[in-house]
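The values are calculated or read from the model by the stated rules, or taken from the named source; none is laboratory data. All figures in this text were calculated on a predicted structure; none of them were measured in a lab. Every residue, glycine among them, receives a Cβ derived from its backbone with ideal geometry; neighbour counts consider all protein chains shown.
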Amino acid sequence: MGAVEAIAEVRYAGPADLSQALPGADVLFVWDFLSTAVPQAWRHADRLRWVHVAAAGVDPLMFPELVGSTVLLTNSRGVFDRPIAEYVLGLILLFAKDLRGTFELQRQRTWRHRETERIGGRTALVVGVGSIGREIGRLLSAAGMTVIGVGRTARSGDPDLGEVKASSDLLSLLPNADYVIVAAPLTEESRGMFDAAAFGRMKPSARLINIGRGPIVVEQDLAQALQQKRIAGAALDVFSEEPLPHDHPLWAVPNLLVSPHMSGDFGGWMDALVELFVENFGRWLAGEMLLNIVDKKLGYVRGS
C-alpha cells in the first residue's frame, strides 16, 4: 500500500471504528470480505465513490443502500482462479485415489492393496462459469475429464467450456455427473440450489465439491444424503456459518471433507490482492476503466 500512501491519505479502520473513518473518504478497500461492518457504517459514507473488496464474492456487500447507489463496486476476480482450480483437482484426485483411506491404513500400519478410480473420461459438472469456474473447467479438461458448464443462460461455442447449459436445467444434468463443482456466486437464484431434490438426482457414486459460497448448499440435506449413502462423498470449503463451530454436526458426517475456506489461499495471496487494488487505484486516479466492475443487480462481474 506504500504506492497509495505516497499520493493519498490512507485511513486504516477495523469494524469498531469504520464509522469514524468513512466521512470524507472517496474509496473504501474492504479487506475482510466477510465483515458486516460496511452496511452498519454505510450512513457515514458521505463522499464515497468506489468500493473494492479483497475477494471474488461480493454477497456481504449486496445490501440495498450500496446496490441502489452510484458507488462503483469492484472485486478481486482473477487472483484466486488458478489456485482454486488446483485445489479442486486435488480434491477430485483425493476421492478417486482414496488417499484418505491410504492415510488411515498407514496410521493403522495395515498393508491392504486396493484398486482406485481413474478420472480420465469422468464427467465434471461445473456450476458457475465465471473466471473461477472457467479455470476449473480448463484444468479438469486438461486432466482428461469431460466438463459441462452451468451458467445463468445457455450458450454454445464457449471458448473454454464448449456448450454451457442453463442453471434452470440443473436437475436434468445432475444424473450424468461424476463430480459436481459449485463455483457460483451467492445470489437469490443460487441460494439453496443444492438441496434434497438435487442430491436425489445425483448418482450414488457422485461427489460434490463446494468452493463457491456456503448457503448455495443446504447443509442438512447434504449431511442426510451422505449418511444415507445417496451420494458417495463431498468436500466443503465454504459454509453457511464461518468459522464452523467446534460442535457443528458437519464435522462428523461420513465421507465429508471439511476445509476452512482456504481453497484459493496460496503463499503470497495477500500481496497479490494488494497489487490488484493498487493497479485499480492508479486507473481510478487516471479516470480509466476499472478492472472487475461488479454488476450490482447481478452480484458478479458481467461477462465473467
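Couple of notes before you dig in:
- Note on the stretch 1-35: among residues that are of a type in the set (A, V, I, L, M, F, W, C), under 29 Å from the mean Cα position of the chain (by Cα) and assigned to a helix (DSSP H, G or I), the one that is nearest to Asn75 (Cα to Cα) is Val4.
- Scanning the stretch 198-217 for residues that are part of a helix (DSSP H, G or I) and either out of contact with any Pro (no Cβ under 8 Å at 6 or more places or on another chain) or under 30 Å from Phe63 (Cβ atoms) (or both) returns Ala198, Phe199, Gly200, Gly214, Pro215, Ile216.
- Note on the stretch 283-304: among residues that are in a helix (DSSP H, G or I) and free of Cβ contacts under 8 Å to residues at least 40 places away in the same chain, the one that is nearest to Ser131 (Cα to Cα) is Arg283.
- In summary, no helices (runs of 4 or more DSSP H) completely within the stretch 90-197 bear 1 or more residues that are not assigned by TED's automatic domain parsing to the domain that holds Arg230 and not β-branched (Val, Ile, Thr).
- Qualifying residue in the stretch 36-59 (condition: assigned to a loop (DSSP other than H, G, I, E, B), more than 22 Å from Met289 (Cα to Cα) and either touching a strand residue (DSSP E or B) at 6+ places or on another chain (Cβ under 9 Å) or polar (S, T, N, Q) (or both)): yes
- Leu73 buried (at least 19 other Cβ atoms within 10 Å of the Cβ), more than 26 Å from the chain's Cα centre (by Cα), of a type outside the set (D, E, K, R) and at pLDDT 95 or above: no
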